[in-house]
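The values are calculated or read from the model by the stated rules, or taken from the named source; none is laboratory data. This structure is a prediction, so every number in the text was calculated from the model and none was measured. Every residue, glycine as well, gets a Cβ built from its backbone with ideal geometry; the counts of neighbours run over all protein chains shown.
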């Protein structure tokens with residue numbers, strides 16, 4: 001994307017797991033309270049007892065409107081993550097109404113639609129000195145996007161190279177920061193190196209349909225070289241689709257227009 005040498009590569013078998021590829025030192029984890037960072041780590045280790053220890057006494061976890069307290073939180077983790085071997089990684093973190101709100105991608109979660117289809121969820125935490133006092137889980141707000149664009153974003157956020165390539169027409173064109181990639185072979189090299197290979201995620205801030213095109217403004221993060229780049233890095237993705245395939249994608253830095261509001 002805007003990167004130089006990647007910090008890790010695909011495994012030889014093409015399988016990608018959180019344990020091998022997710023850096024817990026990136027922006028998403030560095031800016032959250034210690035109890036939440038620990039919670040994310042033990043979720044990934046499928047350690048239900050250690051997970052319960054991240055919660056304060058009397059804490060409540062609400063998933064799908066159902067409350068869980070005490071040992072019920074352990075059983076929730078066993079059911080939602082351990083049995084299904086589900087994984088989770090954050091794609092955005094924000095502070096809202098004295099809460100820490102993470103947008104996460106969960107793969108294999110029982111509440112994900114489509115029988116194991118990755119789910120994008122909002123995890124809203126409150127914490128005290130004792131640990132997590134509340135965690136509320138709800139589906140993240142969906143954007144009205146064409147199917148190939150929605151599939152591209154999901155593939156990018158789940159590091160699925162094959163699914164990402166499947167969203168493009170064979171003769172598609174990608175222009176990423178004024179560098180052009182034309183055709184499937186060139187796009188595959190670009191995606192493997194600069195998107196999947198740099199663990200790049202995108203969190204959609206705004207989506208607009210315009211005369212058959214889709215303009216997506218997103219916060220982007222990953223393992224690319226961030227020197228000299230703004231934080232957060234916001235990019236505009238200009239998608240053109242035809243017959244359920246992306247035929248053109250242009251990616252540009254989203255520069256602020258001072259004195260004007262969107």
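State yes or no: is residue 204 at pLDDT 95 or above, in contact with a strand residue (DSSP E or B) (Cβ under 9 Å, 6 or more places away or on another chain) and within 21 Å of residue 104 (Cβ to Cβ)? The answer is yes for residue 204. Listed by position, the strands (runs of 3 or more DSSP E) contained in the range 27-111 that have at least 3 residues being without any contact (Cβ under 8 Å) to a residue 60 or more places away in the chain and out of contact with any helix residue (DSSP H, G or I) (no Cβ under 7 Å at 6 or more places or on another chain) are 66-69, 87-96, 99-107.
For the range 183-207, a residue qualifies if it is assigned to a helix (DSSP H, G or I), surrounded by fewer than 21 Cβ atoms within 10 Å (Cβ to Cβ) and touching a helix residue (DSSP H, G or I) at 6+ places or on another chain (Cβ under 9 Å), and the qualifying residues are 184, 188, 192. Would it be correct to say that residue 134 is over 15 Å from residue 105 (Cα atoms), buried (at least 21 other Cβ atoms within 10 Å of the Cβ) and more than 15 Å from the chain's Cα centre (by Cα)? Here the answer is no, as residue 134 does not meet what is asked. Filtering the range 77-87 to residues that are under 19 Å from residue 53 (Cα atoms) and either at pLDDT 95 or above or under 22 Å from the mean Cα position of the chain (by Cα) (or both) leaves 77, 80, 81, 82. Which one is farthest from the chain's Cα centre (by Cα) among residues in the range 159-182 that are surrounded by fewer than 20 Cβ atoms within 10 Å (Cβ to Cβ) and not in a strand (DSSP E or B)? Looking at residues that are surrounded by fewer than 20 Cβ atoms within 10 Å (Cβ to Cβ) and not in a strand (DSSP E or B), I get 178. Residue 144 fulfils the conditions (1) outside any helix (DSSP H, G or I); (2) surrounded by 19 or more Cβ atoms within 10 Å (Cβ to Cβ) except for a single criterion, (2). Filtered by the rule that a residue be in a strand (DSSP E or B) and either in contact (Cβ under 8 Å) with a residue 40 or more places away in the chain or closer than 17 Å to residue 92 by Cβ (or both), the range 209-235 gives 209, 214, 216, 217, 218, 219, 220, 221, 233, 234, 235. Screening residue 245 with (1) within 25 Å of residue 165 (Cβ to Cβ); (2) touching a helix residue (DSSP H, G or I) at 6+ places or on another chain (Cβ under 9 Å); (3) surrounded by fewer than 18 Cβ atoms within 10 Å (Cβ to Cβ); (4) without any contact (Cβ under 8 Å) to a residue 40 or more places away in the chain gives one miss only, at (4).
Among 187, 246, 215, 195, which is at pLDDT 95 or above and under 17 Å from the mean Cα position of the chain (by Cα)?
Answer to the check: 195.
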